[in-house]
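*Asks:* If you scroll down you'll find the structure; I have some questions about it.
The values are calculated or read from the model by the stated rules, or taken from the named source; none is laboratory data. None of the values given here were measured: they were computed from a predicted structure. FYI the Cβ positions are ideal-geometry reconstructions off the backbone, even for glycines, and counts take in every protein chain you see. Note: areas computed on protein heavy atoms with side chains; ligands, DNA, RNA excluded. Shrake-Rupley method; radii C 1.70, N 1.55, O 1.52, S 1.80 Å.
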Amino acid sequence: MNANKATILIPGRINQRVRERVEAEFDAIVIGSADAALLDAETRAQVSGIASATTIDAGFIDAFPNLAIIANFGVGYDVVDARHAATRGVMVTNTPDVLSDEVADTAVGLLLNTVREFPKAETYLRAGRWVAEGAYPLTSLTLRGRTVGIFGLGRIGLAIARRLEAFGLPIHYHTRTKRDDVDYPWHDGLAGLAKAVDTLIVVVPGGAATEKAVNAGILDALGPQGVLISIGRGSTIDEDALIAALAERRIAAAGLDVFADEPNVPQALMDLPNACLLPHVASASVSTRNAMADLVVDNLAAWLDGRPAITPVPECAGLDRSKD
Ligand code: NAP
Ligand code: 8YV
């Protein structure tokens with residue numbers, strides 16, 4: 001251990017660039033999972049920062065008496081008990097903005113793939129079926145004439161809206177608070193939004209407030225021509241209700257990048273021809289993940305150096321490092 005370097009704990013897997021920078025710039029401790037029993041009390045007392053992409057609950061936070069910051073790899077930080085961290089004076093940071101355009105690009109790609117069946121059409125070509133059977137069947141769905149509802153018009157939701165506006169599609173949205181900087185029609189409830197549109201894009205954070213918010217009633221409100229795109233957190237969708245709605249064609253199709261129990265995807269979902277599935281890749285380019293990694297490590301360096309965190313989560317925005 002170097003007396004001048006802060007000790008950073010990495011519990012579980014993390015992006016390689018985060019690990020390399022933490023190992024170069026701090027004293028790093030890497031453990032297999034967020035299990036405090038893997039460390040003795042003396043080692044736990046040395047830890048002043050955590051860099052993580054896994055669940056960090058209150059018990060784990062309390063196991064580190066000198067913890068000052070948890071830097072979460074990802075803008076979504078539903079896995080971190082940020083409220084508890086704030087009560088302990090522990091800063092929590094996330095990675096907003098640097099991934100918004102990448103995730104919005106993916107949302108548009110997933111929407112097109114879901115509606116126009118491009119992955120299936122490519123599989124058809126590669127299987128030699130174009131030669132053997134002729135043209136791929138016309139798609140029953142199109143983006144033309146659709147009305148889009150965005151559940152969660154935050155940084156990423158707005159980036160999606162701007163893209164789809166350029167596609168000539170009307171946009172509606174639901175958030176708890178109406179935005180005063182956009183002209184899109186706002187709905188004060190998710191049910192009202194689902195009723196007004198035929199294409200619902202879900203990009204709200206995970207957590208108790210949005211748990212299974214997209215349920216059978218919402219899917220029925222979307223209707224038989226309805227398309228659901230889920231790119232926020234899998235916990236927001238009632239997957240059993242979605243599987244039933246897709247199987248019974250009470251909605252037309254769904255495109256999902258996130259799931260309730262990743263990396264496990266229900267077999268019933270995989271068996272459905274009208275589901276288009278991605279393995280949580282919305283931000284997964286080297287350049288965007290590098291930018292996220294740098295923000296994780298730069299947040300650690302700033303806070304542990306007595307400077308303000310670069311991207312504190314709202315629960316911790318009031319913490320002042322200089323008073324420690
Ligand atoms: P953000 O800027 O904080 O936007 C979140 C939006 O959701 C806000 O408009 C917020 O508005 C709304 N919202 C939050 N809770 C709500 C509720 N209970 N009911 C209705 N609306 C609610 O976050 P962001 O940067 O756009 O990221 C959004 C989420 O995307 C992240 O939290 C993460 O889970 C997910 N994500 C996924 C991937 C991926 O790889 N698939 C990548 C990046 C992010 P109000 O506060 O006014 O309600
Ligand atoms: C990452 C994400 O895949 O930022 C988020 O909230 O879901 C994605 O960008 C994830 O955080 C990696 O752990």
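*Asks:* Going toward the positive end of the dipole of the range 178-324, with +1 on Lys and Arg Cβ and -1 on Asp and Glu Cβ, which of Phe259, Ile237, Asn290 do you reach last?
*Replies:* Among Phe259, Ile237, Asn290, the one farthest towards the positive end of the dipole of the range 178-324 is Asn290.
*Asks:* Using a 1.4 angstrom probe on the protein heavy atoms only, could you order Thr54, Thr93 from most to least accessible area?
*Replies:* Ranked list, largest accessible area first: Thr54, Thr93.
*Asks:* Rounding to the nearest 20 debye, state how big the charge dipole of the range 29-184 is about its Cα centre with +1 on each Lys and Arg Cβ and -1 on each Asp and Glu Cβ.
*Replies:* Its charge dipole is roughly 660 debye.
*Asks:* Below 8 Å, C-alpha to C-alpha, sequence gap of six or more: please give me the relative contact order for the range 19-72 in percent.
*Replies:* For the range 19-72, the relative contact order is 35 percent.
*Asks:* What percent do you get for the relative contact order of the chain when only Cα pairs under 8 Å and 6+ apart count?
*Replies:* Dividing the mean separation by the residue count of the chain yields 18 percent.
*Asks:* Aspartates and glutamates near Lys195 by alpha-carbon distance under 16 Å, same-chain residues fewer than 8 away left out - which ones?
*Replies:* Within the straight-line cut-off, Lys195 pairs with Asp220.
*Asks:* Now for a separate question. When only C-alpha pairs under 8 Å and at least 6 residues apart count, what is the relative contact order of the range 138-277, in percent?
*Replies:* Relative contact order comes out at 19 percent.
*Asks:* Now for a different question. Charges at C-beta only: +1 for Lys and Arg, -1 for Asp and Glu. How large is the resulting dipole of the chain about its Cα centre, in Debye rounded to 20?
*Replies:* The dipole magnitude comes to about 700 debye.
*Asks:* Hey, another quick one. Roughly how tilted is helix 286-304, in degrees to the nearest 10 and between 0 and 90, from the longest Cα axis of the chain?
*Replies:* Helix 286-304 sits roughly 30 degrees off the main axis of the chain.
*Asks:* Could I ask something else about it? Ranked by accessible surface with a 1.4 Å probe, highest first, in what order do Thr210, Thr123 come?
*Replies:* Thr123, Thr210
*Asks:* In the Gaussian network model of the chain, springs joining C-alpha atoms below 10 Å, which of Gly32, Gly207, Gly12 carries the largest mean-square fluctuation?
*Replies:* Between Gly32, Gly207, Gly12, it is Gly32 that shows the largest mean-square fluctuation.
*Asks:* Compute the acute angle (0 to 90°) between the alpha-carbon long axis of helix 100-116 and the principal axis of greatest extent of the alpha-carbon atoms of the chain; round to the nearest 10°.
*Replies:* So the inclination is approximately 30 degrees.
*Asks:* Take peptides 14-22, 78-86, 58-66 and line them up by average Cβ neighbours within 10 Å, highest first, as a rough protection proxy.
*Replies:* 78-86, 14-22, 58-66
*Asks:* Measuring from label point to label point, each 7 Å out along Cα→Cβ, what is the Arg129 to Ala196 span in nm?
*Replies:* Between Arg129 and Ala196, the label points sit 3.9 nm apart.
*Asks:* Hey, how many Å between the Cα centroid of the range 271-292 and the Cα centroid of the range 158-206?
*Replies:* Their Cα centres are 22 Å away from one another.
*Asks:* When Lys and Arg each count +1 and Asp and Glu each count -1, what net charge do the other residues less than 13 Å away from Ala24, Cβ to Cβ, add up to?
*Replies:* That works out to -1.
*Asks:* Further, regarding this structure: Of the options Leu222, Ala53, Val90, report the single residue whose Cα projects farthest towards the positive end of the charge dipole of the chain (beta-carbon charges: Lys, Arg +1; Asp, Glu -1).
*Replies:* Leu222
*Asks:* Additional query: To the nearest 500 deg cm²/dmol, what mean residue ellipticity at 222 nm is calculated for the chain from DSSP H runs of n ≥ 4 alone, each contributing -39,500 (n - 2.57), summed and divided by the residues?
*Replies:* My calculation for the chain gives -10000 deg cm²/dmol from helical runs alone.
*Asks:* Note down the net charge around Asn4, summing +1 for each Lys or Arg and -1 for each Asp or Glu among other residues with Cβ under 14 Å from its Cβ.
*Replies:* Around Asn4, the surrounding residues sum to -2.
*Asks:* Okay, moving on. If I take R0 = 41 Å and measure r between the Cβ atoms of Ser140 and Asp240 in this structure, what FRET efficiency does the formula 1/(1 + (r/R0)^6) give, to the nearest 0.05?
*Replies:* Taking R0 as 41 Å, the efficiency between Ser140 and Asp240 is 0.95.
*Asks:* While we're looking at this one, here's another question. Could you tell me whether the range 208-292 comes out rounded, prolate or oblate from its Cα gyration tensor? Rule is a ≥ b ≥ c as square roots of the eigenvalues, rounded for a/c under 1.5, then prolate if a/b exceeds b/c, otherwise oblate.
*Replies:* Judged from the Cα gyration tensor, the range 208-292 comes out prolate (a/c at least 1.5, a/b above b/c).
*Asks:* Same structure, new question: For a quick check of understanding: with a 1.4 angstrom probe and all protein chains in place, what accessible area in square angstrom does Glu262 have, to the nearest ten?
*Replies:* Accessible area of Glu262: about 80 Å².
*Asks:* How do Trp130, Trp303, Trp186 stack up against each other in accessible area, from largest to smallest, with a 1.4 angstrom probe?
*Replies:* Trp130, Trp186, Trp303
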